[in-house]
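The values are calculated or read from the model by the stated rules, or taken from the named source; none is laboratory data. Bear in mind that the values here come from a model prediction, so they are computed numbers and not experimental data. Don't worry about glycine lacking a Cβ; one is built from the backbone with ideal geometry, like all the others, and counts go over all protein chains shown.
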Amino acid sequence: MSLLAIRRFPDPILKRPTRYVQRFDTQLKRLIDAMIQTMHSHPRCVGLAAPQVGSAWRIAVMDSSRHPKTTTTSGLITLINPVIDEQKDQTVQREGCLSIPDFTANVRRATRVHIKAINQSGTPFEIGLSGLEAIIAQHEIDHLDGKLFLDSVENVKTDVFRRKAYL
Ligand code: NI
């Protein structure tokens, strides 16, 4: 097991846009494996982006299967160089983040997204996600653009909540 330390706000790496991956080698595979293990080591963590573990590459992993609100799930998804090219409908839902452990917030997101990305072997793929998975993907891709969920809050006074412990 190689678990990576989680960077927390206000670590400046969380605010920096990431770089597109160009080399699909064993080093990349090791980083992704470690990100997946790190995500799975935190109870109820359903997504992790490279800046959260101190890496500047445009990579995110997500796995909604362990979340209690999950109805349908694609399981583990690795997104390299992801871009959202279509989004539909909107919902407001409570979000949290390992990098901001003391707060949750209501954030407006699209309920359906279409994403273009590359897999670990360097092969491009496209995926349509809905519901919780669409929300997770938008949260993680925001991380890759140097954006945190608190940046997307519409009203800081009514939509941000302090929590006692990260569950
Ligand atoms: Ni996050």
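How many residues does region 18-57 hold that are buried (at least 16 other Cβ atoms within 10 Å of the Cβ) and either within 15 Å of the ligand (Cβ to nearest atom) or over 16 Å from Q120 (Cβ atoms) (or both)?
Of the residues in that region, 15 qualify.
Between a residue in region 125-154 that is on the phi > 0 side of the Ramachandran plot and within 15 Å of the ligand (Cβ to nearest atom) and any residue that is at pLDDT 95 or above and charged (D, E, K, R), which pairs come within a Cβ distance under 7 Å, given they are 6 or more apart or on different chains?
G146/K15; G146/R16
What's the number of the condition V160 fails, among (1) away from the ligand (no atom under 16 Å from the Cβ); (2) over 18 Å from the mean Cα position of the chain (by Cα); (3) modelled with pLDDT of 95 or more?
Of the numbered conditions (1) away from the ligand (no atom under 16 Å from the Cβ); (2) over 18 Å from the mean Cα position of the chain (by Cα); (3) modelled with pLDDT of 95 or more, the odd one out for V160 is (1).
Checking S99 against (1) in contact with a helix residue (DSSP H, G or I) (Cβ under 7 Å, 6 or more places away or on another chain); (2) more than 18 Å from R44 (Cβ to Cβ): exactly one of these is not met. Which one?
Answer for S99: the failing condition is (2).
For every residue, the table says whether it meets (1) within 23 Å of P17 (Cβ to Cβ); (2) part of a helix (DSSP H, G or I); (3) at pLDDT below 95.
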{"site": "A34", "(1), (2), (3)": "yes, yes, no"}
{"site": "M39", "(1), (2), (3)": "yes, yes, no"}
{"site": "P68", "(1), (2), (3)": "no, no, yes"}
{"site": "T78", "(1), (2), (3)": "yes, no, no"}
{"site": "N81", "(1), (2), (3)": "yes, no, no"}
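Pick out the one residue from M1, M62 that is aliphatic (A, V, I, L, M), in contact with a helix residue (DSSP H, G or I) (Cβ under 8 Å, 6 or more places away or on another chain) and modelled with pLDDT under 95.
Working: M62 fails: modelled with pLDDT under 95.
None of the other options fit; the residue is M1.
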